Amino acid sequence: MKILLTGHRGFIGSNMLQALERKGHSVSTYDWVDGNMPSVAEQDWVIHMGAISSTTERDIDKILTQNYDFSRQLFDACKLHGVNMQYSSSASVYGLGTVFTEDAPADPRTPYAWSKYLFERYHARHQGKNTVQGFRYFNVYGTGEDHKGSQASPFSQFAKQARETGRIQVFEGSRESRRDFIPVQDVVETHLKFLKVSASGVFNVGTGKTKSFYEIAEQFGVPIEEIPLPEQLRNSYQRYTCADMTKTSQVLNVYSTSINL
């Protein structure tokens, strides 16, 4: 298939590019350049992973321009030309909620989360005849995330701390803070499976299991120090996430009976 991939230099996008090329797809890539729109007319799919991914970015205009406005324009172009589309969303749209089904009330707490939720709403209200699939990633970790610094997963951050300082710092309450952590390879595999699925909508991408930050830190066998949660994170920090994978699994199971997923 002919596929346009945005965000191919990012953590998940770079892994996606490698997987698509291994599968033999014809892949074009796009970098954000002042909002110039890529051509989509000749593509079978657009996989839109390009975004400002920092959950601590507070420049709202910048976030909305790159994450919402550009995504909306790309969506409209795909709809116009009948091109199928996948896009990255985020479990951050659940905010401090405790129910993690796709139809649960949203509670975005940061400009990043709002940009993702607003685009999901736009998608829901303007779905055309083409297939459009949004994926709410839970906490993704794995190869290629070292450059993300403070935005990297605890697996990456803790490994770096253990290697460089011989100790790991975790936020107070990390024994009770549990999230759904998913390897980047599993995220990529979900995208690949859904390329064979014509169902549109928003789907969770997680494991349905949780692990505490403290448990992750313990894996490295070095002293662990608890530090206060930074003030700027207090109103948005997710103490618990766990993907309800019912909808995602049901859709994939339906299509797996007729095609080889």
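What follows is calculated from the coordinates using simple rules that are stated; it is not laboratory data. Note that the structure is a prediction, hence the values are computed from the model and not measured. When we count neighbours, we look across all protein chains shown, and the Cβ atoms used for this are built from the backbone with ideal geometry, even at glycine.
Each residue in Ile224, Ile63 was given a count of other beta-carbon atoms within 10 angstrom of its own, and listing them fewest first yields Ile224, Ile63.
Phi angles of region 50-65 translate, via the Karplus equation with coefficients 6.51, -1.76, 1.60 and θ = phi - 60°, into HN-Hα couplings of x, 5, 6, 9, 6, 6, 9, 5, 10, 7, 5, 4, 4, 4, 5, 5 Hz per residue; Gly and Pro are given as x. Using a cutoff of 8 angstrom between alpha carbon atoms and counting only pairs six or more residues apart, the relative contact order for region 118-253 works out to 33 percent.
With a cut-off of 8 Å between alpha carbons and a minimum separation of six or more residues, what is the relative contact order of the chain in percent?
Here the relative contact order equals 19 percent.
Backbone phi angles across region 162-169, fed through the Karplus curve with coefficients 6.51, -1.76 and 1.60 (θ = phi - 60°), yield HN-Hα couplings of 4, 6, 8, 10, x, 8, 10, 9 Hz in residue order; Gly and Pro are listed as x. In this structure, the amide hydrogen of Ser90, modeled 1.01 Å from its nitrogen in the peptide plane, lies closer than 5 angstrom to those of Tyr137, counting only residues at least 5 positions away or on a different chain.
Which of the chymotrypsin sites (Phe, Trp or Tyr not before Pro) across region 116-220 are loop residues per DSSP, with 12 or fewer other Cβ within 10 Å? Let's see the in-between values first.
Values: sites: Tyr117, Phe119, Tyr122, Phe135, Tyr137, Phe138, Tyr141, Phe155, Phe158, Phe171, Phe181, Phe194, Phe203, Phe213, Tyr214, Phe220; in loops: Phe138, Phe220.
Answer in residue order: no site qualifies.
The longest part of the chain holding none of the exposed loop trypsin sites (Lys or Arg not before Pro), meaning those outside H, G, I, E and B in DSSP with at most 16 other Cβ atoms within 10 Å, is 59-128.
Under 5 Å between amide hydrogens, built in the peptide plane, is the criterion, and for Ser28 it picks out Ile3, Leu4, Leu5 among residues at least 5 positions away or on other chains.
When DSSP beta bridges are restricted to pairs lying wholly in the chain, around 5% turn out antiparallel. Helix 111-126 versus the longest principal axis of the chain: what is the Cα-based angle in degrees, 0 to 90, to the nearest 10? Compared with the principal axis, the helix lies near 30 degrees. Coupling constants for region 77-82 follow from the phi torsions by the Karplus curve (6.51 cos²θ - 1.76 cosθ + 1.60, θ = phi - 60°), and in residue order they are 5, 5, 4, 4, 9, x Hz; glycine and proline get x. Counting GluC sites (Glu not before Pro) as exposed when in a DSSP loop with at most 15 other beta carbons within 10 Å, what is the longest stretch of the chain free of them? Result, exposed sites excluded: 43-171. If the chain linking Asp59 and Arg22 were pulled fully straight, counting 0.36 nm for each residue of separation and taking away their Cα-Cα distance, it would gain 9.6 nm.
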